[in-house]
Amino acid sequence: MPMTTRRSLLFLSAGFALAACTAPMTTLPPELGPDGEPLPRAYRPGNEATVQYRMLDSVNALRASAGAPPLELNAQLNAAAATHARDMAVQNRPWHFGSDGSSPVDRARRVGYSGRLVGEAISETYESELETLAAWMEQENVREVILDPSARDMGFAWHQENSGKLWWVMELGAPGLSPVPGM
């Protein structure tokens, strides 16, 4: 047998041997709840900066396709978003008012944001940030905030409960504009 044929057979049999050693890929069936529906699996966001920039890149891609200028992460709006995410978890309800009665504008001012708050997007879910963004884009009023051409700053944060439930908050702001529209 020629040498090249022997080498080919040797590599081929080594490949079959390795393939036989590999465990077959199996997909675990979803765990079902008492209602017969699949139970949510906890998504763990990971590194804060990585998640924030992944969301920023995704939002900016959506804005670019709509002809809106890109956003930049803003530390003050990140702080306002983080505060509200924790507060929603404490209240156990997704809504735009803080447990102290504060509005999104109040929270932006408290952290020193001097521009106009364009809007806030919130969510209570077990889904990833990108799945949450997709859900926000399906809601007309939230989509309008995300694509608002006056927005230039973004704050994004979350709080995760031990159960895995996530409370996502996105704040969008327009630097240099009066905090009160029309002034």
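The values are calculated or read from the model by the stated rules, or taken from the named source; none is laboratory data. Everything numeric here is computed off the predicted structure, so don't read it as measured data. Cβ: placed from backbone, ideal geometry, glycine included. Neighbour counts: every protein chain shown. Heads up: the accessible areas ignore ligands, DNA and RNA and are worked out on the full protein's heavy atoms, side chains in. Shrake-Rupley method; radii C 1.70, N 1.55, O 1.52, S 1.80 Å.
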| task | Rounded to whole Hz and in sequence order, give me ³J(HN,Hα) for the range 163-177 from the Karplus expression 6.51 cos²θ - 1.76 cosθ + 1.60, θ = phi - 60°, writing x for Gly and Pro. | result | 5, x, 4, 10, 10, 9, 9, 10, 10, 10, x, 10, x, x, 9
| query | Ordered by packing density, taken as the mean number of other Cβ atoms within 10 Å over each peptide's residues, highest first, how do 105-112, 120-127, 56-63, 159-166 rank? | reply | 120-127, 105-112, 56-63, 159-166
| remark: Judged on accessible area alone, 1.4 Å probe, highest first, TYR53, TYR113 line up as TYR53, TYR113
| field | With DNA, RNA and ligands ignored, accessible area of THR83 (1.4 Å probe; Å², nearest 10) | value | 70 Å²
| query | Which of rounded, prolate, oblate describes the range 69-174, given a ≥ b ≥ c as roots of the alpha-carbon gyration tensor eigenvalues and a/c under 1.5 marking rounded, otherwise prolate only if a/b is larger than b/c? | reply | oblate
| remark: On the formula 1/(1 + (r/R0)^6), with r taken between the Cβ atoms of SER65 and SER150 and R0 of 22 Å, the FRET efficiency rounded to 0.05 is 0.80
| request: Take every Cα pair under 8 Å in the range 69-174 that's 6+ residues apart, average their separations, divide by the length, and report that relative contact order as a whole percent. | output: 42 percent
| field | Amide H contacts under 5 Å for LEU73, placed H, 5+ residues apart | value | MET154
| field | Carbon/sulfur fraction of accessible area - the range 69-174, other protein chains in place, 1.4 Å, % | value | 48 percent
| field | Accessible surface, the range 69-174, averaged per residue in Å² (probe 1.4 Å) | value | 44 Å²
